[in-house]
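S.K.: Got a structure for you, written out below as structure tokens; questions coming shortly.
The values are calculated or read from the model by the stated rules, or taken from the named source; none is laboratory data. Predicted, not measured: the structure shown is a model, and the values here were computed from it. Using ideal geometry, Cβ is built from the backbone for each residue, glycine included, and neighbour counts are taken over all protein chains shown. Side chains are part of the model used for accessible areas, which takes the heavy atoms of the whole protein and leaves out ligands, DNA and RNA. Shrake-Rupley method; radii C 1.70, N 1.55, O 1.52, S 1.80 Å.
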Amino acid sequence: MARKKYDFRPDANHNRFKGLHMTRLQRLNILKWLLYAVLCIFLLVVQDVIMSRVRIFGAPTDLPAAAILLITVLVGSNHGSVFVLAASTFYWFSGSAPGPYCIGLMTFLGVIAAVLRQVWWRRGLRSTVICAGCALILYEIAIFVIALVSGLAPWSRVGIFLLTALYSCAIMVPLYPLACKIGKIGGEPWKE
């Protein structure tokens, strides 16, 4: 019996992951997204443990929603849409979100805010905070309307929801430099 001659040499059946190599840029991008996730989880824990008990003029803050929308607008609509969907889903499964509708609300408002910021303004503190803040205010108003229709909140609580939105927008200003530092890991996109 003649031995079959191969035109090419077959792969050796060694460890499959030995040949799996990641470039430096891929490792840095993974680090960037892990740090964004850690920031959101940290703010979720701070919100649940500390800030849920602190009320200024009767209104709490909404740190996780502020961070999620800020990062979404900061990274842009392409990567931000995936991030806001994953982060809002995690926010819902953490048990801190007001309801499952927060996933759709945050995703829709975050992507719209990111697109509007990319179309009309250059990247900067003002433009990012204005777009993310408007998305957060609309998010809080939508939560109030849903709570009002469900019978969970009376009309007299509209001021509390607006104060919560304003406090959360104010939190975005000190969060912006940290999110920018994380966003510069792996290089900045050249197209903007």
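S.K.: Given (1) open to solvent by 20 Å² or more (accessible area, probe 1.4 Å); (2) in contact (Cβ under 8 Å) with a residue 40 or more places away in the chain; (3) in a helix (DSSP H, G or I), where does Pro98 come up short, assuming only one miss?
M.R.: In the conditions (1) open to solvent by 20 Å² or more (accessible area, probe 1.4 Å); (2) in contact (Cβ under 8 Å) with a residue 40 or more places away in the chain; (3) in a helix (DSSP H, G or I), Pro98 misses (3) alone.
S.K.: Here is a further query. Name the one entry in Ile71, Ile130 that is hydrophobic (A, V, I, L, M, F, W, C), closer than 19 Å to Cys180 by Cβ and surrounded by fewer than 24 Cβ atoms within 10 Å (Cβ to Cβ). Give the steps one after another, and end with the answer.
M.R.: Details: Ile71 fails: surrounded by fewer than 24 Cβ atoms within 10 Å (Cβ to Cβ).
Just a single option satisfies the conditions, and that option is Ile130.
S.K.: Taking only the stretch 142-180 into account, find how many residues are out of contact with any strand residue (DSSP E or B) (no Cβ under 9 Å at 6 or more places or on another chain), closer than 18 Å to Leu63 by Cβ and open to solvent by 40 Å² or more (accessible area, probe 1.4 Å).
M.R.: Going through the stretch 142-180 one residue at a time, the tally reaches 6.
S.K.: Let me confirm something: among Leu125, Leu109, Leu136, Leu162, which residue is within 19 Å of Val75 (Cβ to Cβ), aliphatic (A, V, I, L, M) and in contact with an Asp or Glu (Cβ under 9 Å, 6 or more places away or on another chain)?
M.R.: Working: Leu125 fails: in contact with an Asp or Glu (Cβ under 9 Å, 6 or more places away or on another chain); Leu109 fails: in contact with an Asp or Glu (Cβ under 9 Å, 6 or more places away or on another chain); Leu162 fails: within 19 Å of Val75 (Cβ to Cβ).
Result: Leu136 is the single residue among Leu125, Leu109, Leu136, Leu162 that is within 19 Å of Val75 (Cβ to Cβ), aliphatic (A, V, I, L, M) and in contact with an Asp or Glu (Cβ under 9 Å, 6 or more places away or on another chain).
S.K.: Part of a helix (DSSP H, G or I), basic (Lys, Arg), farther than 18 Å from Ile56 by Cβ and out of contact with any helix residue (DSSP H, G or I) (no Cβ under 7 Å at 6 or more places or on another chain), is that true of Arg122? Steps first, please.
M.R.: Values: part of a helix (DSSP H, G or I): no; basic (Lys, Arg): yes; farther than 18 Å from Ile56 by Cβ: yes; out of contact with any helix residue (DSSP H, G or I) (no Cβ under 7 Å at 6 or more places or on another chain): yes.
No; evaluated as a whole, the condition is false for this residue.
S.K.: Can you pull out the residues in the stretch 126-162 that are within 26 Å of the chain's Cα centre (by Cα) and among the polar types (S, T, N, Q)?
M.R.: Correct list: Ser127, Thr128.
S.K.: Among the residues of the stretch 74-88, write down those that are under 15 Å from Cys131 (Cβ atoms) and open to solvent by less than 20 Å² (accessible area, probe 1.4 Å).
M.R.: Across the stretch 74-88, the qualifying residues are Leu74, Gly76, Gly80, Val84.
S.K.: Then there's this: I'd like to know if the stretch 23-43 contains one or more residues that are in a helix (DSSP H, G or I), open to solvent by less than 100 Å² (accessible area, probe 1.4 Å), more than 23 Å from Pro64 (Cβ to Cβ) and at pLDDT below 65.
M.R.: Checking the stretch 23-43: not a single residue is in a helix (DSSP H, G or I), open to solvent by less than 100 Å² (accessible area, probe 1.4 Å), more than 23 Å from Pro64 (Cβ to Cβ) and at pLDDT below 65.
S.K.: Taking Ser52 as the residue in question, decide whether it is touching a helix residue (DSSP H, G or I) at 6+ places or on another chain (Cβ under 7 Å) and at pLDDT below 90.
M.R.: When the stated conditions are applied, Ser52 does not pass them.
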